[in-house]
């Protein structure tokens, strides 16, 4: 019997756990200790910037910070930042976000670049953005024909989300300007 067969937890189990966890295909995954200060500062800048954009341009979408996304009864993740449109969930996100942004740390990089990359691609998250705080760089991926293709590396460029409900953009120069 495999470990995966033995560890087959559900959302009900997850909801009762103490501490910070994610649940991926029934397997509990401990989240890293509290993120480093630069992680939190960059996440705050991204969140603030996107929130301002939404307030000016779009009312059917919302930007959320560290909110559970219940994908199935056996998979719940907590991305750093999401842009979700038309989600009616009260307790957690119930549909695929349009954009997910993960701020990487040494302890989460491998999971974010592999496990979550594949999961978000499978769940058809339109944009997946990996932010590397020590490099002040973001790698942007866009879903095309059910696969992620790399849009590019962003340091001071603007990324336009013209193909989602809201015609907004994310200006990485403004996001990173306090860290140069």
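Readers should treat all values here as calculations from the given coordinates under stated rules, not as data from a laboratory. As the structure is a prediction and not an experimental result, all values here were calculated from the model. Cβ placement follows ideal geometry from the backbone for every residue including glycine, while neighbour counts extend to all protein chains displayed.
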What is the extension gain from residue 180 to residue 90, computed as 0.36 nm multiplied by their sequence separation minus the C-alpha to C-alpha distance, in nm to one decimal?
28.5 nm
R0 of 41 Å, Cβ-Cβ distance residue 48-residue 118: FRET efficiency to nearest 0.05
0.90
Distance in nm between pseudo-label sites at residue 153 and residue 165 (7 Å out along the Cβ direction from Cα)
3.5
Bridge orientation stat for the stretch 35-104 from DSSP, antiparallel percent rounded to 5, came to 90
As a test of the formula, what do you get for the chain when each DSSP H run with n ≥ 4 contributes -39,500 (n - 2.57) and the sum is divided by the residue count, at 222 nm and rounded to the nearest 500 deg cm²/dmol?
-7000 deg cm²/dmol
With only alpha-carbon pairs counted, each pair once and no self-pairs, how large is the Kirkwood hydrodynamic radius of the stretch 46-127 in angstroms?
13.2
Angle in degrees between helix 37-57 and the longest Cα principal axis of the chain, rounded to the nearest 10:
70
The stretch 1-138 - share of DSSP beta bridges that are antiparallel (%, nearest 5)
75
Distant alpha-carbon pairs in the stretch 108-180 (separation over 20 angstrom), percent
34
Convex hull volume of the stretch 34-179 per residue (C-alpha atoms, cubic angstrom):
110
Relative packing of peptides 102-109, 123-130 - highest average C-beta neighbours within 10 Å first:
123-130, 102-109
Cβ crowding within 10 Å averaged over residues, with 144-154, 75-85 ranked highest first
75-85, 144-154
